[in-house]
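Right, one structure below, let's go through it.
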C-alpha cells in the first residue's frame, strides 16, 4: 500500500518521530504497529537489533492532495472549493473559486502548470505518493483543449491545401503534446517540435514532405 511504510530505527519512538518530521505531519495523522521493539545490545554493539514499525497514513492520497492545495491557495489569498475525480493512476482536481481565476491560470496556463508541478513534487517527497495529480481551474483545460482542436483542424486544412509547412507559436509542453496526439489522427499531415526551452514550438508538415 502506498500510504503504508515499514521502517527501522534505534527505537520505536525515534522511528515514529523521524517519520513525522519527514512528512511534516502530526501524530494524530498516522496509525502504527510495533513489529519489533528492538534491543539496545551491549554498548550498542553486541546483540543490537533495530526496532521495526509499520506506519500507516490515515489520509488518502486524494485527501493529502486536497489539503495541500487548499493550504497553498489560502496563503495566496484564494478561497476555493475542490471538485475531485479519482482514477486508478491519476487524480483530477478542478479548483472552483469566485476570485479572479485568471491569476491561477496564467498566460496559456503557465501558472496552473507550475502549481501542478509544485503540488506533485511536494506530495511525492513529503507523502511518498506516486499517483499523479492533474489540476484544473474552472474547467480551463477542457476549454483550452477545445481551442487547440480548432487550431489543429484549421492549420491541418491550410497545410494540406497549400502543400506548405506551418510553424505554430511557442507553446507549453502540455499543449504541444495534446496537438501532436490530435494531429497524428488527421490524415495528410504530420508534426514535429523545433526550438529550445520557452521558444519550442510545433511545425505541421504535409505528409509527403516529411523531413
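Computed over the range 62-192, relative contact order equals 20 percent, with contacts defined as Cα pairs under 8 Å that lie 6+ residues apart. Considering only 178, 48, 32, the mean-square fluctuation computed in a Gaussian network model of the chain, springs between alpha carbons under 10 angstrom, is largest for 48.
When 180, 198 are sorted by how many other C-beta atoms sit within 10 angstrom of their C-beta, beginning with the fewest, the order is 198, 180.
For the chain, the Kirkwood hydrodynamic radius comes to 20.8 Å, computed from all pairs of different C-alpha atoms.
The base-10 log of I(q)/I(0) for the range 94-211, evaluated at q = 0.13, 0.20, 0.23 Å⁻¹, reads -0.61, -1.07, -1.24 [Debye formula, identical scatterers on Cα atoms, solvent excluded]. Using R0 = 22 Å, the C-beta based FRET efficiency linking residue 33 and residue 122 works out to 0.25. What value, in deg cm²/dmol to 500, does the helix sum -39500 (n - 2.57) over DSSP H runs of n ≥ 4 give at 222 nm once divided by the residues of the chain? Using -39500 (n - 2.57) per qualifying helix, the result is -11500 deg cm²/dmol.
Between residue 54 and residue 75, the FRET efficiency estimated from the beta carbon spacing at R0 = 35 angstrom works out to 0.55. Relative to the longest principal axis of the Cα atoms of the chain, the long axis of helix 110-122 makes an angle of roughly 20 degrees. Extending 7 Å from the Cα toward the beta-carbon at both residue 164 and residue 11 defines two label points whose distance is 7.9 nm.
According to a simple spin-label model (label point 7 Å from Cα along Cα-to-Cβ), what is the distance in nm between residue 101 and residue 134? Here the answer is 1.7 nm between the modelled labels.
With respect to the chain, whose longest principal axis is taken over its alpha-carbon atoms, helix 61-75 is tilted by about 80°. With a 10 Å cut-off between alpha carbons and a GNM built on the chain, which of 122, 166, 69 moves the most? Of 122, 166, 69, the Gaussian network model singles out 166 as fluctuating most. Taking 0.36 nm per residue of separation and subtracting the current Cα-Cα distance, fully stretching the chain between residue 149 and residue 89 would add 19.1 nm.
Extending 7 Å from the Cα toward the beta-carbon at both residue 177 and residue 194 defines two label points whose distance is 2.4 nm.
Report, to the nearest 10°, how far helix 173-183 tilts away from the longest principal axis of the Cα atoms in the chain, using its own Cα long axis and a range of 0 to 90°. Helix 173-183 sits roughly 50 degrees off the main axis of the chain.
Read the figures in this text as sums done on the coordinates, not as results from a lab. What you are looking at is a predicted structure, and each value in this text was computed from that prediction instead of being measured. No Cβ is skipped: glycine too gets one built from the backbone with ideal geometry, and neighbour counts run over all protein chains shown.
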